[in-house]
There are 4 protein chains.
Amino acid sequence: MSNTLGKRFTVTSFGESHGHLVGVVVDGCPAGLALIESDIQPELARRKSGKPASTTRLEDDRAQILSGTHNGYTTGAPLTMVVWNKDIDSSPYGQAPTIPRPGHADYSAYIKFGGFADHRGGGRFSGRITAGFVMAGAVAKKLLSLSGIEIIAHTAELGGIESRAASMDEILSSRKNELCCADMQALPKMLEALQEARQAGDSLGGIIEAIAIGVPTGLGEPVFDNLDGDMSKALFAIPAVKGVEFGAGFSVARLKGSQNNDPFLPVQGGVACSSNNAGGINGGISNGMPITVRAAIKPTPSIGIVQDSVKLDSLEPVKLGVKGRHDTCIVPRAVVVVEAMVAITLADFALRANFIPGVIK
Amino acid sequence: MSNTLGKRFTVTSFGESHGHLVGVVVDGCPAGLALIESDIQPELARRKSGKPASTTRLEDDRAQILSGTHNGYTTGAPLTMVVWNKDIDSSPYGQAPTIPRPGHADYSAYIKFGGFADHRGGGRFSGRITAGFVMAGAVAKKLLSLSGIEIIAHTAELGGIESRAASMDEILSSRKNELCCADMQALPKMLEALQEARQAGDSLGGIIEAIAIGVPTGLGEPVFDNLDGDMSKALFAIPAVKGVEFGAGFSVARLKGSQNNDPFLPVQGGVACSSNNAGGINGGISNGMPITVRAAIKPTPSIGIVQDSVKLDSLEPVKLGVKGRHDTCIVPRAVVVVEAMVAITLADFALRANFIPGVIK
Amino acid sequence: MSNTLGKRFTVTSFGESHGHLVGVVVDGCPAGLALIESDIQPELARRKSGKPASTTRLEDDRAQILSGTHNGYTTGAPLTMVVWNKDIDSSPYGQAPTIPRPGHADYSAYIKFGGFADHRGGGRFSGRITAGFVMAGAVAKKLLSLSGIEIIAHTAELGGIESRAASMDEILSSRKNELCCADMQALPKMLEALQEARQAGDSLGGIIEAIAIGVPTGLGEPVFDNLDGDMSKALFAIPAVKGVEFGAGFSVARLKGSQNNDPFLPVQGGVACSSNNAGGINGGISNGMPITVRAAIKPTPSIGIVQDSVKLDSLEPVKLGVKGRHDTCIVPRAVVVVEAMVAITLADFALRANFIPGVIK
Amino acid sequence: MSNTLGKRFTVTSFGESHGHLVGVVVDGCPAGLALIESDIQPELARRKSGKPASTTRLEDDRAQILSGTHNGYTTGAPLTMVVWNKDIDSSPYGQAPTIPRPGHADYSAYIKFGGFADHRGGGRFSGRITAGFVMAGAVAKKLLSLSGIEIIAHTAELGGIESRAASMDEILSSRKNELCCADMQALPKMLEALQEARQAGDSLGGIIEAIAIGVPTGLGEPVFDNLDGDMSKALFAIPAVKGVEFGAGFSVARLKGSQNNDPFLPVQGGVACSSNNAGGINGGISNGMPITVRAAIKPTPSIGIVQDSVKLDSLEPVKLGVKGRHDTCIVPRAVVVVEAMVAITLADFALRANFIPGVIK
């Protein structure tokens, strides 16, 4: 079940970049959730192409719910949601997989699947697969929202330019621009960096930060099904993620315990922390503070600049400039995907903890 | 099954810090592996206390195999391996869990388990649980070694001091010192930092890097059971890990595609990369290069310095200095634990890919 | 993941009787299997309506492969296979689920899903869901066939009339008649019983027996993932199955050990049994003899004869005659479904045991 | 994870008949359940030897809880429960596994595990493994009992002699005699049959029926994780079970729909059925009626009567009379094991449906 994620709110992914469709089966969504295509479409729109950094492939992605709802409500049966592939141009992929593209899964997949993998447009390894994640995420978000949990992600860094935004208001404002950047000073610099990279036939990476608020204390399971462990696994399913950190993350390495520990203090009938270096998670279990998580996104591997590769049949060296239509930087489009993976994970654990009921009334 | 990790080589963890024992059931280990306690003991010894940074709790941990072997070979039945708890001093834990220790899981666990969790010594959240991981890791390593896969981890950073070691020879030498540091220049500085922190009643964090060599191309499953995703999940099971990155990790955010992509080149009948920013993983699948992964370890939350907390019964603020016997920095002891989690993950995927046979002959 | 079966060859079911479609995602099928729709269509045809005992709903079911193949071969990616619903007449279902039909899941589902379940045509509980099982079974059979494993099921009993067929030749001949009956003496009696029941507005049950030959010794896992345990679970997924037995089955209760034990004897370089009361399974693991399994199929619960039920809103008693188009006996159509569930189980275990390779060459 | 059963209340089995111990790890038991050894011991006592039909191996089995409780309550951590092996006599097993015993798993295991399986006393295939099941079942029963669910099993048939008992009072009385027989007329005949078989060096089979009352409507998941499917799988984990049926079971094959359907009728604020041919399960989901399930138990394969076997090394035929200490019929001792498997399954589904809370208060 390598294409299924989760235990209670499970997402099974299927489809290929240049096949008929991409989609998901979501199993475990409670009955009684009002759900129609227009609940999903806006999320898909957030990952669509047409952004400054994105491919010219014009994906007019329309979410279609094929099963699991009746009269506009979920039934408790598996939700099948798909996006049909339309604007496919497989012509540039004729040469692959005989010459693996550096930074892509071509070579690994070629060996693993004995040459049978569908390599067109990256096949199963394409970022297009994440359209399915986003649809599942839309369902998860709607479920979580009913229980007061909201998730927002934004571009924390792009092409080496950091967003210095910190307040929740700023971060919410990131949805208003196409780079999902919450720092108005950084925004033009990011746009400029993208422009430069595109002209050079190169690509850029970045960091996406997600924040989940309203998460109750007690989500996450010791010792292996940690909230951080499972969220991390979900995030690594996004092609291009090379690192995941929570709260203070890698900077904990340079903190003392007295600096890093989040002191507890009493708040209106409960307990909170006066800092959030833990990113809302202690011992793998949510502690009631906002969950904060950051994912490192590598630069798009498909670049026009010529690179070294190898002909797989003759094992001769070869120079390769990747053709096709590609994103200069996927960070802006991946923001909604990061939100989706965080939401899917939280929905799974909220259901495990009975924080979301089995039937929505 | 929140206490079970993996699909083919599965590890079920049980036990508490101050209960009878800690242990694991390893299910899925092939029959025919020569295995006796002395195969496991040296690994346990590597995580034992007595190191410069460690607790004064004297754990004379002896691995005991309770099931799954016969005549010195694994039988294909579940391997049960335990360490009995002996030098237990639960007296300092009397007050908890009424006052949660900052940085610990006390509060999260108190809410989640309704006050029933065994809080003594951290209970299920104690680093002591990792003794079980190490025993499972010892089995995984022996299995992998038969197939030519070797894993080594070392202290890449401690208390803000980086190890600059880079060559495999240097890294192998890290096993010779108690801090597992491969950089002889950094070693004395790390020792000094530890000494200072201990005297101040404070604690330190760091980064552990693991390298796996001999990993064949093709381990890992798209799209969710990625090698990186599952390894990350395994590493987050170590208490104190706050971030995980592969290859160039978070630095990919500042690289261009032309810098980050690892070019392919032909090598003696096969294909390799001339750099390893991917950390040996493309698209979630190993590409034949060494797997490199880094885990951020937070400073030990138990510190003598007084911190703010809350009385859970009255919700009054309270000052807390954590008593008990604690490590100033767990990094040196956690090195073997990181190796174990990497090994467990690789064994799981090597079995899934039939790279390790069902019966060892 | 209540809609997913298996560990290595997993089947995720989706769809409803009167929704857009029914289908499956098969995850874990090795790459390199030649597979096109015409490999699946004949199996679907075997379960189609139009048989003597069947509904007048005219299902011109066409299998469609939506993902997982490329150039006529499986790629190792999830196989999505669907049948679109066409000849839907939901009019008779207007009154439900307010009045549960005896013998159906209406009442259980109403309570479980809070009234949100799609009740039209039984929704998720419809026998129509098994069209998906049959498509997955077609893939499993093709995989198994490459390794020399063949499965055949037949009508062992229908309406109280037993098939006395015993030889493999006879049983193979069952595919030639629409009742899948291997006993030419019993066949006309079965047809007569069906005719009578239909005229009376009643329905009939029966027993289906499946035989798998060519199964190697060693499939099945102790102690929980038994070959019999998992096959039994797979068979109970067929609506209407009320009992499952292997080999001598329930008759073992009246046998002595000396009668029931299957003696071993040497055969051409190996070992076989001179009887097969075990149905090819000892200790949950195949022993090299044919797997024989029988499933008890209850009479179709939808009958025209008036029955007692209850109005769910007012809790008043009510008389109910079930309208709609129904099978008098589903046994003949379920024969291929039983084969499918046996095949799916065997494919799962054959992959676990590496008896089927990860890539077909 | 072939040695782990369940999804929410999971049981991981370990240990061997002639090794150190047999035991289980139960993961998913809610925190706050009062649990000490004496809650478990009486259940173990019910499966102990010393009954008329049983082995002379004297197992003074004492349950020991090694983890998961604190101050007499479950903590939410994994429960490890073991029975240490004491009265071991491995001498008769010297010759095995070179000569497989008919009716046993010796041959299957020999092939599967390449000769490395621990064959002494059947190793992992021994009925002794069920001591672990019984301990897990004791926990499950206590959990269920708090929610008003009670389970009782009895000997429905032994050596061809049927128990005609039908009333709940009679069935409850079965606990008073060592054969667990509810029919006082049948009891002496069963004892006589056992006596005869024992003298002849032969063995007997039978049928065990279990009834669960108080089960709410709505346990069980469509379409694969059926209550019947998973209960069946759990029961097939008992060595010797060759068939499982619910309600009318195999007799449905000879019933008409009008006979087999259970009419609904209104009862004090709810709905019930006026018959229970469905055994309390419709569409895989409980319908509020008692769950009734029957398991066919084969005669003990170990018999003194000489049987045909094969020398595995030379493939020569050989005569074998099984020595060692064996049960003439395991039915009376297996009654509590059947109860355990039913309880484990129901606890799993009751937790999935939130019918049992995550913390017991």
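The values are calculated or read from the model by the stated rules, or taken from the named source; none is laboratory data. The model shown is predicted, which means the values in this text are computed figures rather than measured ones. Note: ideal-geometry Cβ built from the backbone for every residue, glycine included; neighbour counts use all protein chains shown. All accessible areas refer to the heavy atoms of the entire protein, side chains included, with ligands and DNA or RNA removed. Shrake-Rupley method; radii C 1.70, N 1.55, O 1.52, S 1.80 Å.
Close amide H pairs (under 5 Å, H built 1.01 Å from N) link B:GLY288 with B:THR217, B:GLY218, residues at least 5 positions away or on another chain. Label-to-label distances for A:PRO188 across copies, nearest first, come out at 5.2, 9.6, 10.6 nm, using points 7 Å from Cα in the beta-carbon direction. The accessible surface of chain A, taken with every protein chain in place and a 1.4 Å probe, is 52 percent carbon and sulfur. 3J(HN,Hα) along the range D:147-163, derived from phi through the Karplus expression 6.51 cos²θ - 1.76 cosθ + 1.60 where θ = phi - 60°, amounts to 9, x, 9, 10, 10, 9, 10, 8, 7, 8, 7, 8, x, x, 9, 8, 8 Hz, with x in place of Gly and Pro.
Under a 5 Å amide H cut-off, with hydrogens placed 1.01 Å from N, C:ALA31 pairs with C:GLY76, C:ILE360 among residues at least 5 apart or on other chains. Relative to the Cα centre, the charge distribution of the range A:4-352, modelled as +1 at Lys and Arg Cβ and -1 at Asp and Glu Cβ, gives a dipole magnitude of about 300 debye.
Within the shell of other residues whose beta carbon sits under 9 angstrom from the beta carbon of A:GLY15, the net charge comes to +1, with Lys and Arg scored +1 and Asp and Glu -1. Copy A relates to copy D by a rotation, and the A residue whose beta-carbon is nearest that axis, with the distance in whole angstrom, is A:ASN354, 2. Rounded to the nearest 10 degrees, the angle from helix B:186-199 to the longest Cα principal axis of chain B is 20 degrees. Compute the label zone of D:ASN71 within the range B:1-45: residues whose backbone N is under 20 Å from the point 7 Å along Cα-to-Cβ. Answer for this model: B:15-21.
Summing charges over neighbours of A:THR292, with a neighbour being any other residue whose Cβ is under 14 Å away from its Cβ, gives -4 when K and R count +1 and D and E count -1.
At R0 = 35 Å, how high is the FRET efficiency between C:GLU192 and C:ALA34 if r is their beta carbon distance? Nearest 0.05 is fine. Once the sixth-power term is evaluated, E becomes 0.20. Along its first, second and third principal axes, ordered by size, the range B:4-352 spans 68, 51, 38 Å in Cα coordinates.
Inter-chain Cβ neighbour count for B:154-160, averaged per residue, equals 2 (cutoff 10 Å, partner chain atoms only). Listed values for the range A:263-280 are Karplus-derived 3J(HN,Hα) couplings in whole Hz (6.51 cos²θ - 1.76 cosθ + 1.60, θ = phi - 60°), namely x, 8, 9, x, 9, 3, x, x, 10, 9, 10, 8, 9, 9, 5, 6, x, x, and x replaces Gly and Pro. Kindly flag which residue pairs out of D:LYS176/D:LYS242; C:LYS233/D:LYS319; A:LYS176/B:LYS7; D:LYS298/D:LYS361 have an alpha-carbon separation exceeding 32 Å in this structure. Cα-Cα > 32 Å for C:LYS233/D:LYS319; A:LYS176/B:LYS7; D:LYS298/D:LYS361; rest within. Within 10 Å of the Cβ of each residue in C:205-216, the mean number of Cβ atoms contributed by other protein chains is 2. Distance between the modelled labels on C:SER275 and C:LYS86, one decimal in nanometres: 5.2 nm (7 Å Cα→Cβ projection). For the range B:304-361 versus the range A:277-338, the spacing of their alpha-carbon centroids is 28 Å. The Cβ shell under 15 Å around B:VAL310 holds other residues with a net charge of -2, Lys and Arg each +1, Asp and Glu each -1.
Coupling constants for the range C:26-33 follow from the phi torsions by the Karplus curve (6.51 cos²θ - 1.76 cosθ + 1.60, θ = phi - 60°), and in residue order they are 9, 10, x, 5, x, 5, x, 7 Hz; glycine and proline get x. With a 10 Å cut-off around each Cβ of A:286-293, the average count of Cβ atoms from other chains is 2. Computed from the C-beta positions of C:LYS323 and D:GLN268, the FRET efficiency with R₀ = 41 Å rounds to 0.85.
Dipole of chain C computed with +1 at Lys/Arg Cβ and -1 at Asp/Glu Cβ about the Cα centre; of C:GLY284, C:LEU255, C:GLY122, farthest Cα towards the positive end is C:GLY122.
Against the main long axis of the alpha-carbon atoms of chain D, helix D:37-46 sits at an angle near 60°.
Here the protein assembly as shown carries DSSP beta bridges of which approximately 100% are antiparallel, counting only pairs with both residues inside. A straight Cα-to-Cα reach below 17 Å connects A:LYS311 with the aspartates and glutamates A:ASP106, B:ASP262, residues fewer than 8 places away in its own chain not being considered.
Here the protein assembly as shown is assigned +1 on the Cβ of each Lys and Arg and -1 on the Cβ of each Asp and Glu. Its dipole about the Cα centre then comes out at about 0 debye. Take C:GLY148, move 7 Å from Cα toward the beta carbon, and the resulting point lies 3.0, 5.8, 6.4 nm from the same point in each other copy, nearest first. Under the rule of at least 5 residues apart or a separate chain, name every residue whose amide H is placed under 5 Å from the amide H of C:ALA272. When sequence neighbours closer than 5 places are left aside, the close amide H contacts are C:LEU265, C:VAL267. Accessible surface calculations at 1.4 Å, restricted to protein heavy atoms, place the range D:4-352 at 30 Å² per residue. The alpha-carbon of C:LYS48 sits under 19 angstrom from the alpha-carbons of these aspartates and glutamates, leaving out residues fewer than 8 places away in its chain: C:GLU16, C:GLU37, C:ASP39, C:GLU59, C:ASP60, C:ASP61, C:ASP87, C:ASP89, C:GLU178, C:ASP327, C:GLU339.
Of the peptides D:267-279, A:141-153, B:310-322, C:113-125, the order by per-residue mean of other Cβ atoms within 10 Å, starting with the highest, comes out as C:113-125, A:141-153, D:267-279, B:310-322.
Distance from the alpha carbon centroid of the range B:153-170 to that of the range A:212-268 works out to 25 angstrom.
In the range C:114-131, burial by the other protein chains removes 50 Å² or more of 1.4 Å probe accessible surface, compared with the chain on its own, from C:PHE116, C:ARG124, C:PHE125.
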